[in-house]
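J.: A single structure is presented below for examination.
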Amino acid sequence: MDEANGDGEAPTWADLFSRAEAHGIDLEAVHGALARRRGSADE
Amino acid sequence: MSDGRERPAGSPDPARVVADADVLAADLLCGGDARDALDHCRRHSWVQLVASDELLDDAGAVIAELAEGGLAADWRTRVERWRVRVEQTPGDHPGLASAHAGEAAHLLSFDEGLRSAKTGATLRKYVDVSVKHPRAFARLFDPERLYPAVADGAYPGPDRDPRL
């Protein structure tokens, strides 16, 4: 299932979290974006 | 475990977890409760994250909108290798549909509507899943207690680095 550990191809979670942190996104923004996404899908 | 232990017919797998799109995106973008909850899954290879393509599409769209497409693409690459893929009926709620298709016992969501008692009673007619706030899952998850229900032997402790 999980083939990323040690295979050198997929980014690590540590790398992804580090890159994401630079954007300074809060939970409210996540909720808003998902509501827009699912709201538009319902239309 | 999802790879062997027999369960009563129709009962969900206690080692299978679905994180709704808000939790998947918050795990990456915000940390906090979402990351605490999913770190339990990352630390244990026998705890399986179940997700349909539609569920990952939703989370990926949120990540791409709020951060950047490159990060969303790399997240998708990483999470594709982690998740157990299930097929869902088009148009169904991706989180609930993933839990149903994957026979997952837990659905993690920030959505109060999904977690309400009224909704829970309605849901149980269709899918046997416990909808939890990530904070509750992070606090209540007890791998030592769960392990004997899914595998033989004593709990060996975490077997993966959650940051790899």
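J.: So which residues in segment B:124-135 are closer than 25 Å to A:GLY32 by Cβ and in contact with a Leu (Cβ under 9 Å, 6 or more places away or on another chain), if there are any at all?
T.: Passing the criteria: B:VAL131, B:LYS132, B:HIS133, B:PRO134.
J.: Is one or more of the residues making up segment B:114-130 within 8 Å of chain A (Cβ to nearest Cβ) and either under 13 Å from the mean Cα position of the chain (by Cα) or at pLDDT below 95 (or both)? Give the steps one after another, and end with the answer.
T.: Keep residues of segment B:114-130 that are within 8 Å of chain A (Cβ to nearest Cβ), which gives none.
So far as segment B:114-130 goes, no, none of its residues is within 8 Å of chain A (Cβ to nearest Cβ) and either under 13 Å from the mean Cα position of the chain (by Cα) or at pLDDT below 95 (or both).
J.: Can you find even one residue in segment B:53-64 that is touching a strand residue (DSSP E or B) at 6+ places or on another chain (Cβ under 8 Å) and in a helix (DSSP H, G or I)?
T.: The answer is yes; a qualifying residue exists.
J.: Considering only residues that are in contact with a Leu (Cβ under 7 Å, 6 or more places away or on another chain) and at the interface with chain A (Cβ under 8 Å from one of its Cβ atoms), which ones fall in segment B:72-82?
T.: B:ASP74, B:TRP75, B:ARG78, B:TRP82
J.: Considering only residues that are in a loop (DSSP other than H, G, I, E, B) and either more than 7 Å from every other protein chain (Cβ to nearest Cβ) or crowded, with 20+ Cβ neighbours inside 10 Å (or both), which ones fall in segment A:13-30?
T.: The answer is A:ALA22, A:GLY24, A:ILE25.
The values are calculated or read from the model by the stated rules, or taken from the named source; none is laboratory data. Everything quoted here is computed from the prediction, not taken from an experiment. Cβ atoms come from the backbone with ideal geometry, glycine included; neighbour counts cover every protein chain shown.
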